[in-house]
Every structure is written in C-alpha cells, then in structure tokens.
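Okay, so here's the structure we're looking at.
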Amino acid sequence: MDLNEFRKHGHELVDWMADYFEGIENLPVRSTVNPGEIIKQLPADAPDEAEPFEVIMNDFNNIIMPGITHWQHPGWHGYFTANNSYPSILAEMLTSTLGAQCMSWLTSPAATELKENVMQWTAKMIGLPDNFTGVIQDTASTATLVSLLTAREKATGMSTNANGFYNFRPFTIYCSTEAHSSIERAVKIAGFGKDYLRKIEVDEFFAMRTDKLRLAIEKDIRDGFEPLAVVAAIGTTGSTAIDPLDEIGELCKKHNIWLHVDAAWAGTALLLPRMRYMIKGIENVDTFVFNPHKWMFTNFDCTAYFVKDKGALIQTFEILPEYLKTKEGNTVNNYRDWGIQLGRRFRALKLWFVIRTFGVKGLQEKIQNHLTWANEFAGWIEKSKNFELLAPTPLATVCFRLKPETWLSEEALNQLNAQFIEAINLTGKIFLSHTKLNGKFTLRLVVGQTNTEHRHIEKAWQIINDTALMFA
Ligand SMILES: *Cc1c(COP(=O)(O)O)cnc(C)c1O
C-alpha cells in the first residue's frame, strides 16, 4: 500500500465507521454465529501474494462482521460496558499513526507529560486527595497485581525483589466473596498462594462485612500469619455493591495493612460529587484503580491507577539496563518503571480527547442520566407483579429476575430465568448478562453505553415484558 492508497482507504474507512454508528441499531447486539463458523471460512495459510485492500475489506464485511458482538450498540446492557466514543476513536487513529513507544520520557516526551497532566485532571475530577499520583495501566487486573506486588515489596523492607520472601511468615490477603476474579488471580501470580486469600462474608447488600474482616485478621495474627493487604470493592461486578471503605480503612490503619480499592466500573460515577460518599475513608487507601475503558467513553485499554507512595511503586518495578539510561535520568517520569510492561502505548491521548470533547460537565451529565434511568428501570421492576429486584441499585446496574405469581421452587426459578435471558438475547435488540446472587440466577441490566438514550431503556423494558409473556 502506498501513501496515495493509504489516504484513499483512510477516508473510506472513516466513512465506514460513521456508517457503522448510523446503522448500529439495526444489527443484532449479540452475534448469531455458532462456534467454528468464522474460522472455517478463513484460509489455513497466509497469502504468499499481496492482496488488494478491497478484497481484504470485503472479507472483513462478509466474514468478520457477522461474528462481531456489538458492544457499542445502545441496547448493550450486559457485563459492564466497554465504551468508546467518537473523540476516543479519532485519538486512537492518531496514536496508531504516531506508533510511539512511551517507555521513557526521552522516547516520548509529550506522551509522558500529557499522561502526568491528564492523570492529575482525572484524580481531581473524581475527588481523590491530591497526594495520589496516577499512571495509566492496561487493565484493572494488571493494576491490582501491581498494587499487591508493591505491597509485598514494601512489607518486606524492599527486599523481595532481591531475596524472594522465604524469610517471612506467610502473608494473607483479604477481599469479599463478591470481589472480582482478578484479585484471586493477582494473589496467585504474586506468589502468595490462593489458599492465603481470605474471602470475607458479605452483608445482605453484598458488601464486605467489616466485623467478619476484623475477626479474620485477628485470627490470622493469632495463627502466625502476616496480614498484608485488603482489596475493597467499590461496585462489585455482580451487583455493584459498595464495601464500607471508611470502616475497612480504620482496620487497615490499626494493623498497618495495605489497602487497595477496586472501583473498575463504579469509579466513573465519582465524577458526580454526590457519589463521593462511596470513597469516604479514602485517606487510608494506598492504591486505587478504575477503568475509563469501561464507563468513561474511552476505548479499551485505559485503566487509571492511582498510588499514594509513588516511590514504593517505582522501587518495586525499576530496571535500568545500560541501553535504557538517558541523560534526564530521574528528573523526569519514566513510565517503564511504573508497572509490569516496558513498552507503553500513548493512551493518555484518547483520554485527553474524551475529557476535552465532553467537558467535565458533559461527562457528568451522561453519567447522571445513566444513574437516573437505571433507577427508573429498577422502579418499574419493583412495581411489576412478574419481576423482583435481587439487589439494591446504588449505581446503574439493575439486578432482577422473572418471578411469576404462581409458586415455583428456587431451582425452577433458576431454570426459568436462564431460559428467559436467552430468549431476551435472541431477540437481538438488547443484550443482558447474568450472575448468581445468594444462589439465585440474576439478570443484570447495565445502563451506561455511550449511545444509550432514555428511549432505549423504555424499549428494553418493552422487550423484557414481551419476552416474559412467552414464560407466563
Ligand atoms: C471489570 C472489572 C475488573 C477487571 O477489569 P479489566 O480492566 O478487564 O482487568 C476488575 N474489577 C472489577 C470490579 C470489575 O468490574
């Protein structure tokens, strides 16, 4: 492909993108392909000869697109959202055009300084105290691992990197039974062993019980373990429960335990000052993560990770082989030392484009709408005779199930709801995913897609009711 063709196809692709968004509502949200259906259309060997762009695009349209599940569809209500937005997409085009490696200040001065700046903006936008420093990571999973590794290094007097942690009593980590699977994975990778992860019981609202946490910590101390870290969830993945951060923080302070906050989805709601009750007690927190790549209209990947002790983070990950030495040294930020990866994409650019294009007010307005509409939907569920809510709706995720007026056993209800959600998703007009809460099969309706408007929530309610008729 030469420069002229690049220019021509580039323009065509921008038109393709705009057409995609224009027609997205007519596409089935969830792809209807069966396993293996895509790969059997793809040749087993790479082409020896160059292929024209038109032929590649043709296959993209005919083979790849039918196998795409449309996360940017306004009828997306599954899992959590993985939003993009027009400014974010345009910035990603620039990022890939520059193809810059942002490992050190020298290799990308502007990327380095923009990241510092945009992370400062973000910290202020969500109400974090100003003793937090931010860095962009690829995912919340990575950020949580980075946090636990830093905690480990710090608790061993910065000696684990050199000597391992053989000479220490076994460390124990704490999270709730509703915490995200990435915490258990981080505990495994960091070498603590998952048998040393204490999953603390939750209350009736699925938030961590501080009394149980205290008992677990005290027991571990008595039994000769070394309580190392607590991971508190602000917005669990199942039901968006909010762990009581202030109480947890007091306990951590008392026992000198590291405190990491996983607010992967819900962190974006902190844009609204009235939601900052969720981080009451933030002054006792060591590290905090949330994902602009979920709810804040910035396409994957973009995780905002904030730390109080920047020095401990850098000391944990620092490497300086001869070929990475620069004359600026430590007078500048070299983000290669702020996490696991060496190479880094220029991810600050898309966040900068998004924040500036929406403005803080524009972002707040969208998030406020999502919260309002989700609560409106929860109200409809509550009033209806055929459905019941299975968790509170503190944010924009509604947990509910179909519950006909005739009595059914819990097992029958679980089966009925598994069939019900499949029938909803088969309509292709909306997409929901499920979880289990107290053993109950739970439908989750997330309100938060960039392109979702109020009419889409009304339509979702209509589709859910129409589908329910099949099960009455
Ligand atoms: C989505 C989610 C994660 C994982 O996010 P990644 O960025 O995909 O690693 C972690 N914790 C919670 C609470 C989540 O909702």
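Couple of notes before you dig in:
- Scanning the stretch 98-147 for residues that are within 16 Å of the ligand (Cβ to nearest atom) and among the charged types (D, E, K, R) turns up just one, D138.
- Scan of the stretch 258-274 for residues that are free of Cβ contacts under 8 Å to residues at least 40 places away in the same chain and either aromatic (F, W, Y) or surrounded by fewer than 24 Cβ atoms within 10 Å (Cβ to Cβ) (or both), ordered by number: R274
- Here is the figure for the stretch 394-420: residues that are of a type outside the set (F, W, Y) and in contact (Cβ under 8 Å) with a residue 40 or more places away in the chain total 11.
Yes or no, residue by residue, for (1) open to solvent by 60 Å² or more (accessible area, probe 1.4 Å); (2) not in a loop (DSSP other than H, G, I, E, B); (3) not small (G, A, S):
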position	(1), (2), (3)
H73	no, no, yes
T81	no, no, yes
N84	no, no, yes
T95	no, yes, yes
N117	no, yes, yes
A123	no, yes, no
G127	no, no, no
A143	no, yes, no
S147	no, yes, no
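- Test for G448: is it closer than 22 Å to F206 by Cα, surrounded by 22 or more Cβ atoms within 10 Å (Cβ to Cβ) and either small (G, A, S) or touching a helix residue (DSSP H, G or I) at 6+ places or on another chain (Cβ under 7 Å) (or both): yes
- The set of residues in the stretch 199-257 that are among the hydroxyl-bearing types (S, T, Y) and without any contact (Cβ under 8 Å) to a residue 60 or more places away in the chain contains only T210.
- Taken over the stretch 236-280, the criterion of being over 20 Å from T150 (Cβ atoms), in a loop (DSSP other than H, G, I, E, B) and either more than 15 Å from the ligand (Cβ to nearest atom) or not assigned by TED's automatic domain parsing to the domain that holds M119 (or both) is satisfied by P244, L272, K280.
- Counted residues, the stretch 155-181 - those being touching a Phe, Trp or Tyr at 6+ places or on another chain (Cβ under 9 Å), more than 16 Å from the ligand (Cβ to nearest atom) and either in a loop (DSSP other than H, G, I, E, B) or open to solvent by less than 30 Å² (accessible area, probe 1.4 Å) (or both): 8
Conditions tested, residue by residue: (1) under 29 Å from H77 (Cα atoms); (2) of a type outside the set (S, T, Y).
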{"position": "R276", "(1), (2)": "yes, yes"}
{"position": "W295", "(1), (2)": "yes, yes"}
{"position": "F300", "(1), (2)": "yes, yes"}
{"position": "G311", "(1), (2)": "no, yes"}
{"position": "T316", "(1), (2)": "no, no"}
{"position": "K327", "(1), (2)": "no, yes"}
{"position": "V332", "(1), (2)": "no, yes"}
{"position": "I355", "(1), (2)": "yes, yes"}
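- Condition met for W16 (aromatic (F, W, Y), in a helix (DSSP H, G or I) and open to solvent by 40 Å² or more (accessible area, probe 1.4 Å)): yes
The values are calculated or read from the model by the stated rules, or taken from the named source; none is laboratory data. Given the structure is predicted, the values throughout are model-derived calculations rather than measurements. Backbone-built Cβ (ideal geometry, glycine too); neighbour counts: all protein chains shown. These area figures cover heavy atoms from the full protein model, side chains too; ligands, DNA and RNA do not enter into them. Shrake-Rupley method; radii C 1.70, N 1.55, O 1.52, S 1.80 Å.
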